[in-house]
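The numbers here are math on the coordinates, done by the rules we state, and not lab data. As the structure is a prediction and not an experimental result, all values here were calculated from the model. We place every Cβ from the backbone using ideal geometry, glycine too, and count neighbours over all the protein chains shown.
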């Protein structure tokens, strides 16, 4: 009686081409993470692993700014209402076609950051800019 170890052949075609789907997905995910980490407050994800403590402090100020801007009836009152000692400073303010544009300097734990903020009646948008 003869005994033999029988090893079935695996279907290698499926495994060989699997990396063609995994590699682009990993690249897209990597690029998305880099983009979100560049301005987590602007993209609405101010939490770990994207945000630093300064990003979270900046988000708290932006939430306050958004709440204040939505509560006020007049766009003219927004710059005075959001200025808060040395923490928040409005550098520039202009109104165009019912939209208020502000350049705001924020003091955060690791220094100073600036944001450009657009305010309409119901919507507040912002992006990080150089001071």
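Where the centre of each part is set by its Cα atoms, how far does the range 51-74 sit from the range 80-108, in angstrom? Result: 11 Å between the Cα centres.
What does the helix-only formula give at 222 nm for the chain: each DSSP H stretch with n ≥ 4 adding -39500 (n - 2.57), the total divided by the residues, and the result rounded to the nearest 500 deg cm²/dmol? Could you put the intermediate results ahead of the total?
On the way: 3 runs with 51 residues, N = 131.
Value at 222 nm, helices only, nearest 500: -13000 deg cm²/dmol.
Of 59, 110, the sequence from fewest to most neighbouring Cβ atoms within 10 angstrom is 110, 59.
As a proxy for reagent exposure, ranking 131, 114 by other Cβ atoms within 10 Å from fewest up yields 131, 114.
Residues 87, 130 in ascending order of nearby Cβ atoms (within 10 Å, fewest first): 130, 87. Computed over the Cα atoms of the chain, pair by distinct pair, the Kirkwood hydrodynamic radius stands at 18.0 angstrom.
Remark: relative contact order (the range 10-131) = 17 percent; criterion is Cα-Cα distance under 8 angstrom and separation of 6 or more residues.
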